[in-house]
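What follows is a single structure, written as structure tokens, with notes after it.
The values are calculated or read from the model by the stated rules, or taken from the named source; none is laboratory data. Keep in mind the model is a prediction, meaning the values are calculated, not measured. Reconstructed Cβ throughout: ideal geometry from the backbone, glycine too, with neighbour counts over all protein chains shown. These area figures cover heavy atoms from the full protein model, side chains too; ligands, DNA and RNA do not enter into them. Shrake-Rupley method; radii C 1.70, N 1.55, O 1.52, S 1.80 Å.
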Amino acid sequence: MTATTTRPSPGSEPPDATDVLAADGASSPQPFTHRQILTVISGLMLGMFLASLDQTVVSTAIRTIADDLDGYSLQAWATTAFLITSTISVPLYGKLSDQFGRKPLYLIAIALFVLGSVLCTFSLSMYQLAAFRAVQGLGAGGLLSLVFAILGDLVSPRERSKYQAYFMAVFGTSSVLGPVIGGALAGAGPIAGIAGWRWIFLINVPLGIAAFAVVHRVLHLPHTRRDSRVDWQGALSLFVFLVPLLVVAEQGRVWGWVSTGALACYVVAAVGFVAFMAVETKQGGAALLPLRLFRQRTFTVGMIASTLVGVGMFGGLVLLPQYLQVVKGSSPTRAGLEMLPLVIGIMIMSAITGVLISRTGRYKIFPVIGSATMATVLLFMSRITADTSYWEIVPLMLGIGVGLGMNMQPLILAVQNAANPREMGVATSSVTFFRQIGGTVGVTAFFSILFSVLGGRVTSQYAAAAATPSFRAAAAANPEQLQALRAGTSGPLENTQFLSQIDPALAHPFLEAFSSSMGSLVLVAAGVMVLAFVAMFFLPELPLRTTAGAAAQAEHDAAEAAKGVGASAITPTPPVAGDLSEHDGRKAPTTR
């Protein structure tokens, strides 16, 4: 896309916020003002808030929704459908935005998300809800990945981290508000004649329309269209590779990890992986995820570190609410509010990290310290018990937030800074994609281990408790509760509500077993973060460019056009500052 405007002379009135950028294919655009950037990211933040909120808001209300739609046994598919499409679409958005421009792809993502939300509002069955959640996920994949690519076009790497802190705050806030809003609306009666849970999806519509309007009006980025082919074969093979794995990730605990269905998924995924590698090798520079990028150290280390951080991050974020709800008896709504210290840690440290990176130009030290912080905090968290008070957990949650705040934006920044400006979308979406994959693997593995070891520890804890006078007295006084306890722990753990209805002395051994099991998993997460800590040392620290991505791309395209080379994305080009394909790992060229 091309927008042409007249820039004021020095000392004159600054341009209006709607006049975001003046550029054409043959000239270098002027830098954005702080006011213009804030105007644009207001729309981007709305879009990201919608997508990140929807990852958690439905989880609190899903049982109410399933009961209303008579599909209790099918409830997991509503989450699985969203997870599949939001994950698969991330690299596709990145590649297409490099070819056709960020703005049209971001508007398409908002439109798909709003359409999916409207359809979900009026679902009449769980099958319909799952299908419509898949439509939502198609939009969410773009909303979660393109915001950082657009920011990369707007702001130079040296200044970018200050603005990335806003998005980290949105991510953290949505993780807290999601369960609160979901629980509140699910528990409410009809509002304006519409069931409370349906408003979980309906409230997305006005917010989505507002985001669409803001982005459509104020986002004008210069873009030279790339006439390379769209790698639909790569997208299809990636779909065949990842969908079976994501399905097993969500359903494996129910099916059994070596059941016929799970084994069939493994086989299909293996076929898809081989096909994906073959297709991407054949496509070369036009590939959905160009394999040549993995030959460069910044990109490779960034993807490995993002995956590991995703495992540790999502593992911790999921296990803590489980502990608060199961062991401390908090409702989903209250547990969401109790996670506020973690969000505060993310917001504060993201802001501090952004300012320090902007002032010093150094970014590697922050993910190194952040991963070490998370590993240390998780190590202490593995020692919590059923008797640990909430206020003892608060510093640990704050520490996790601090670690995340130091990890997430520097990794994105490192990959963006090293990337060729023409491949900003691919580079940025890859970080998001691998972090989501890591998160999915982490959540799946942790829950699988949790329910695998919980049964044995429950048995051991009750065997030890049976000899204590307090347990014997409670069992003698409440035989019916003891019977309910045995019924609740004799098979697969489907519901823990019975724990709040029995004598605390009878429930305590179970809570200790759950805390002990969770502690073992947190210890695993700490080990993963140690691996992330090691990986961070291999991350090259290149000088941060002082030119925004859109400006750098316009200059590069103009230089190519002057030489008669053309601007095709698959045409070999001379290296530019930040080109992954040429100088990564060596002495960086002089920054502009």
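Worth a mention:
- Pair list, Cβ under 9 Å, 6 or more apart: region 427-438 residue closer than 19 Å to Arg295 by Cβ and among the aromatic types (Phe, Trp, Tyr), other residue open to solvent by less than 10 Å² (accessible area, probe 1.4 Å) and not in a helix (DSSP H, G or I): none
- Test result for Leu413, more than 28 Å from the chain's Cα centre (by Cα) and open to solvent by less than 50 Å² (accessible area, probe 1.4 Å): no
- Pairs with Cβ under 8 Å, 6+ apart, first in region 500-512 and aliphatic (A, V, I, L, M) and assigned to a helix (DSSP H, G or I), second at pLDDT 80 or above and open to solvent by 50 Å² or more (accessible area, probe 1.4 Å): Ala505/Ser470; Ala505/Ala473
- Residue match in region 12-26 (condition: touching a Lys or Arg at 6+ places or on another chain (Cβ under 6 Å), modelled with pLDDT under 75 and either open to solvent by 50 Å² or more (accessible area, probe 1.4 Å) or not polar (S, T, N, Q) (or both)): yes
- Hey, Arg435 basic (Lys, Arg) and either at pLDDT below 85 or under 18 Å from the mean Cα position of the chain (by Cα) (or both) or not: yes
- The one condition from (1) out of contact with any His (no Cβ under 8 Å at 6 or more places or on another chain); (2) crowded, with 18+ Cβ neighbours inside 10 Å; (3) not in a helix (DSSP H, G or I) that Ala386 does not meet is (1).
- Residue match in region 71-83 (condition: closer than 23 Å to Ala427 by Cα and open to solvent by 30 Å² or more (accessible area, probe 1.4 Å)): yes
- Residues satisfying the stated conditions in region 261-302, i.e. of a type in the set (Gly, Ala, Ser) and more than 27 Å from Phe538 (Cβ to Cβ): Gly261, Ala262, Ala264, Ala269, Ala270, Gly272, Ala275, Ala278, Ala286
- Selection within region 438-449 - farther than 14 Å from Ser517 by Cβ and open to solvent by less than 40 Å² (accessible area, probe 1.4 Å): Gly438, Gly439, Thr440, Gly442, Val443, Thr444
- Filter pass, Leu105 being buried (at least 23 other Cβ atoms within 10 Å of the Cβ), in contact with a Leu (Cβ under 7 Å, 6 or more places away or on another chain) and aliphatic (A, V, I, L, M): yes
- Conditions (1) among the small types (Gly, Ala, Ser); (2) open to solvent by less than 30 Å² (accessible area, probe 1.4 Å); (3) over 19 Å from the mean Cα position of the chain (by Cα); number of the one not met by Ala188: (2)
- Glu480 satisfies every condition listed in (1) at pLDDT 85 or above; (2) among the charged types (D, E, K, R); (3) more than 42 Å from the chain's Cα centre (by Cα) except (1).
- A Cβ distance below 6 Å, combined with a sequence gap of six or more or placement on separate chains, defines the contacts here; from region 197-217, residues that are open to solvent by less than 30 Å² (accessible area, probe 1.4 Å) reach residues that are modelled with pLDDT under 90 and of a type in the set (Val, Ile, Thr) in the pairs Trp197/Thr64; Trp197/Ile65; Ile200/Val57.
- Residues satisfying the stated conditions in region 52-81, i.e. over 25 Å from Arg334 (Cβ atoms) and among the hydrophobic types (A, V, I, L, M, F, W, C): Leu69, Leu74, Trp77, Ala81
- Residues (more than 19 Å from Met48 (Cβ to Cβ), open to solvent by 10 Å² or more (accessible area, probe 1.4 Å) and either among the hydrophobic types (A, V, I, L, M, F, W, C) or in contact with a Ser or Thr (Cβ under 9 Å, 6 or more places away or on another chain) (or both)) located in region 108-151: Val118, Leu119, Phe122, Leu124, Ala130, Ala131, Phe132, Ala134
- In region 129-146, the residues that are within 9 Å of Phe82 (Cβ to Cβ) and part of a helix (DSSP H, G or I) reach residues that are open to solvent by 20 Å² or more (accessible area, probe 1.4 Å) and among the aromatic types (Phe, Trp, Tyr) with C-beta atoms within less than 6 angstrom, at least six apart or across chains, in these pairs: Ala130/Trp77.
- Residue under evaluation Gly234, criteria (1) farther than 28 Å from Gly345 by Cβ; (2) open to solvent by 10 Å² or more (accessible area, probe 1.4 Å), criterion not met: (2)
- Looking only at residues of region 152-183 that are open to solvent by 20 Å² or more (accessible area, probe 1.4 Å) and of a type in the set (Lys, Arg), we find that the one that is nearest to Arg35 (Cα to Cα) is Lys162.
- Region 239-348 holds helices (runs of 4 or more DSSP H) entirely within its bounds, and those carrying 1 or more residues that are among the acidic types (Asp, Glu) and under 24 Å from the mean Cα position of the chain (by Cα) map to 332-338.
- Comparison of Thr298, Thr281 shows that the only residue that is modelled with pLDDT of 85 or more, on the phi < 0 side of the Ramachandran plot and in contact with an Asp or Glu (Cβ under 7 Å, 6 or more places away or on another chain) is Thr298.
- For region 270-283, the set of residues classified as surrounded by fewer than 19 Cβ atoms within 10 Å (Cβ to Cβ) and of a type outside the set (Val, Ile, Thr) consists of Ala270, Phe273, Ala275, Met277, Ala278, Lys282, listed by residue number.
Here is a yes/no grid of residues against (1) buried (at least 19 other Cβ atoms within 10 Å of the Cβ); (2) at negative phi; (3) touching a residue at least 40 places away in the same chain (Cβ under 8 Å):
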| position | (1), (2), (3) |
| --- | --- |
| Gly256 | no, no, no |
| Gly261 | no, yes, no |
| Cys265 | yes, yes, no |
| Val268 | no, yes, no |
| Gly285 | no, yes, yes |
| Ala305 | yes, yes, yes |
| Val309 | yes, yes, yes |
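- Qualifying residue in region 450-463 (condition: under 18 Å from the mean Cα position of the chain (by Cα) and open to solvent by less than 40 Å² (accessible area, probe 1.4 Å)): no
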